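Structure, as structure tokens:
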Amino acid sequence: MNIDFYERIWMWAAGGIIAVFIAVIGLSTVAYGLHPPSHIETIEPSKVFTDPRFSKLGAPVVMPDGTVEVQMVAIMFAFAPNEVRVPAGRPIRFRLTSADVTHGFMIARTNANTMLVPGYISQFTTVFPRAGDYLVVCHEFCGNGHHVMSARVIVEESK
Ligand code: CUA
């Protein structure tokens with residue numbers, strides 16, 4: 001029958017499209033690897049707290065070019081440190097990693113948003129134009145305490 005014939009065509013077409021999508025995801029995973037959406041810099045998750053690259057937790061470092069570097073570690077179910085003070089109007093480079101499972105890092109009311117994948121360092125630079133109190137939330141489900149996992153970025157008027 002005619003209707004049956006067209007239904008079969010569309011059924012196979014839909015199935016074929018799904019197969020192509022799955023193949024594209026699978027191949028790109030193998031070809032490009034899975035890593036955080038910044039750069040590829042690896043770290044041993046169990047040694048994060050003794051790694052020199054994270055030796056300045058809680059004390060933002062002013063780099064020679066004026067950029068302020070903030071180091072933070074995510075661990076079930078908190079950020080270390082859970083409060084950081086940075087100046088407004090200056091580039092702030094966040095260097096972040098996880099000491100256990102995959103976490104998220106999103107600064108509410110900004111476009112600062114990244115995944116924290118164990119084994120990798122996530123990095124991005126942003127500028128806070130205005131002083132204020134910003135909430136940081138974990139937006140990757142990481143376990144029973146996921147919903148309480150938060151921190152604060154306090155942006156102060158530049159001196
Ligand atoms: Cu950490 Cu959700």
Of those in the stretch 145-154 that are surrounded by fewer than 17 Cβ atoms within 10 Å (Cβ to Cβ) and within 18 Å of Arg93 (Cα to Cα), the residue farthest from the ligand (Cβ to nearest atom) is Ile154
Note on the stretch 44-69: residues of a type in the set (A, V, I, L, M, F, W, C) and in contact with a Lys or Arg (Cβ under 7 Å, 6 or more places away or on another chain) are Val68
Restricting the stretch 105-144 to residues that are over 11 Å from the mean Cα position of the chain (by Cα) and surrounded by 19 or more Cβ atoms within 10 Å (Cβ to Cβ), the one nearest to the ligand (Cβ to nearest atom) turns out to be Cys142
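Listed here are the residues, each with its yes/no results for (1) of a type outside the set (Val, Ile, Thr); (2) buried (at least 17 other Cβ atoms within 10 Å of the Cβ); (3) under 20 Å from Met149 (Cα atoms).
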residue	(1), (2), (3)
Ile17	no, no, no
Leu27	yes, no, no
Tyr32	yes, no, no
Thr42	no, no, no
Ser55	yes, no, no
Ala78	yes, no, yes
His103	yes, yes, yes
Conditions (1) of a type in the set (Ser, Thr, Tyr); (2) within 20 Å of Pro45 (Cα to Cα); (3) at pLDDT 95 or above -> Tyr120 fails only (3)
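The values are calculated or read from the model by the stated rules, or taken from the named source; none is laboratory data. Just so we're clear, the structure is a prediction, and the values are computed from it rather than from any experiment. With ideal geometry, Cβ positions are generated from the backbone for all residues, glycine too; neighbour counts draw on all protein chains shown.
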